[in-house]
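Worksheet: one structure, shown below.
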Amino acid sequence: MTIPVLRRYLDLCKMFNIEPTLKGANKFKENALIIDNLLNSGFRSLVFDIVK
């Protein structure tokens, strides 16, 4: 995982007030493009479900 991807994951964890985990980081890495599109479209609750 690259540093920028890890930073984005940690920023989302802070945004949603959740504890970062290796499992969550791996899910984020696999779904980063989808997560970005959801955030830009206003579907924050779906992003929370993916990241947690």
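The values are calculated or read from the model by the stated rules, or taken from the named source; none is laboratory data. Note that the coordinates shown come from a computational prediction; the quantities given were computed from them, not determined experimentally. All Cβ positions, even for glycine, are placed from backbone atoms using ideal geometry, and neighbour counts span all protein chains on display.
Residues that are surrounded by 13 or more Cβ atoms within 10 Å (Cβ to Cβ) and on the phi > 0 side of the Ramachandran plot within the stretch 1-19 are absent altogether.
Pick out the one residue from 3, 35 that is in contact (Cβ under 8 Å) with a residue 12 or more places away in the chain and among the hydrophobic types (A, V, I, L, M, F, W, C). So that I can check it myself, show each step before the final result.
Numbers: 3 fails: in contact (Cβ under 8 Å) with a residue 12 or more places away in the chain.
Only one candidate qualifies: 35.
Going by the structure shown, is residue 18 outside any helix (DSSP H, G or I) and in contact with a helix residue (DSSP H, G or I) (Cβ under 7 Å, 6 or more places away or on another chain)? Reasoning before the result, please.
Numbers: outside any helix (DSSP H, G or I): yes; in contact with a helix residue (DSSP H, G or I) (Cβ under 7 Å, 6 or more places away or on another chain): yes.
When the stated conditions are applied, residue 18 passes them.
Among 22, 38, which is at pLDDT 85 or above, surrounded by 13 or more Cβ atoms within 10 Å (Cβ to Cβ) and aliphatic (A, V, I, L, M)? I'd like the intermediate steps shown before the answer.
Values: 22 fails: surrounded by 13 or more Cβ atoms within 10 Å (Cβ to Cβ).
Residue meeting the stated conditions: 38.
Are any residues in the stretch 25-35 surrounded by 10 or more Cβ atoms within 10 Å (Cβ to Cβ) and more than 9 Å from the chain's Cα centre (by Cα), and if so, which ones? Within the stretch 25-35, 26, 30, 34 meet the criteria.
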